[in-house]
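Asks: Could you have a look at this structure, given as structure tokens, before my questions?
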Amino acid sequence: ARLDAGAWHGPRHAGERLPTLAQVLAFCRGRGCMLNVEIKPAPGDEVRTGRRVAQLLAAESFATPPLASSFSTAALAAAAAVAPALPRGLLLETFCAGWLDEARALGCVAVIAECAEWTPETAAQASAAGLRRLAYTVNDDAEAQRLRALGLDGLITDRVDHFRP
């Protein structure tokens, strides 16, 4: 929180600080935003990080609770143990064997996969299981149209200046 996150962007932004999770949650809560908070633990710290993030998220009051997502199944399991009512999403680079069973075992409400990995089959499987379907990182119009045609529930992008909700 003490780092200067703005100086690299230009003198006008010098001294801009990175917000804490608590500050981001307060900002979003005050504006009615829905959140997907990715749990990114350091290797070997999955359980502690999953627990702590879940505690922080569960302590907040939102109209729609934040989605806690992670590639780490250990972090998601730890989050579920601390805050079972907190919605969870399994992040996937690929749809490897057992992905659906893993999402179910973790009590996930969503699967978030790399955009190129979504096919009509994976989209149908996730939908039939009652899971929300999201894709990352969608920065291309044609890819966004393909994913919308598959009926995905949401797209994650770096181009918030380009895509509209």
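Asks: Take the residues in the stretch 141-161 that are in a loop (DSSP other than H, G, I, E, B) and open to solvent by less than 80 Å² (accessible area, probe 1.4 Å), then tell me which one is nearest to residue 35 (Cα to Cα).
Replies: 156
Asks: Confirm whether residue 31 is of a type outside the set (A, V, I, L, M, F, W, C), open to solvent by 30 Å² or more (accessible area, probe 1.4 Å) and either modelled with pLDDT of 95 or more or in contact with a Lys or Arg (Cβ under 9 Å, 6 or more places away or on another chain) (or both).
Replies: no
Asks: Another question, if that's okay. Could you check the stretch 102-146 and list, in sequence order, the residues that are under 18 Å from the mean Cα position of the chain (by Cα), under 12 Å from residue 92 (Cβ atoms) and of a type in the set (Val, Ile, Thr)?
Replies: Hits for the stretch 102-146 are 111, 112.
Asks: Restricted to the stretch 110-131, and to residues that are touching a Gly at 6+ places or on another chain (Cβ under 9 Å) and either at pLDDT below 95 or not in a helix (DSSP H, G or I) (or both), which residue is surrounded by the most Cβ atoms within 10 Å (Cβ to Cβ)?
Replies: Result: 111.
Asks: Now for a different question. Six or more apart or on different chains, Cβ atoms under 7 Å: show the pairs whose first residue is in the stretch 54-68 and on the phi < 0 side of the Ramachandran plot and touching a residue at least 24 places away in the same chain (Cβ under 8 Å) and whose second is open to solvent by 30 Å² or more (accessible area, probe 1.4 Å) and of a type in the set (Lys, Arg).
Replies: Taking only residues 6 or more apart or on different chains, the pairs are 60/29; 62/29.
Asks: Here's another thing I want to ask about it. Filter the stretch 78-106 down to the residues that are open to solvent by 30 Å² or more (accessible area, probe 1.4 Å), among the small types (Gly, Ala, Ser) and farther than 22 Å from residue 135 by Cα and list them by number.
Replies: Once the filter is applied, which keeps residues that are open to solvent by 30 Å² or more (accessible area, probe 1.4 Å), among the small types (Gly, Ala, Ser) and farther than 22 Å from residue 135 by Cα, the stretch 78-106 yields 81, 85.
Asks: Kindly indicate the residue of the stretch 132-152 that is touching a helix residue (DSSP H, G or I) at 6+ places or on another chain (Cβ under 9 Å) and acidic (Asp, Glu) and also modelled with the lowest pLDDT among those meeting that condition.
Replies: 140
The rows are residues; the columns are (1) closer than 27 Å to residue 78 by Cβ; (2) open to solvent by 50 Å² or more (accessible area, probe 1.4 Å).
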position	(1), (2)
9	no, yes
12	no, yes
19	yes, yes
25	yes, no
39	yes, no
43	yes, yes
47	yes, yes
51	yes, yes
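The values are calculated or read from the model by the stated rules, or taken from the named source; none is laboratory data. Please read all numbers here as calculations on a predicted model, not as lab measurements. All Cβ positions, even for glycine, are placed from backbone atoms using ideal geometry, and neighbour counts span all protein chains on display. Just so you know, the surface numbers come from the protein's heavy atoms only, side chains and all, with ligands and any DNA or RNA stripped out. Shrake-Rupley method; radii C 1.70, N 1.55, O 1.52, S 1.80 Å.
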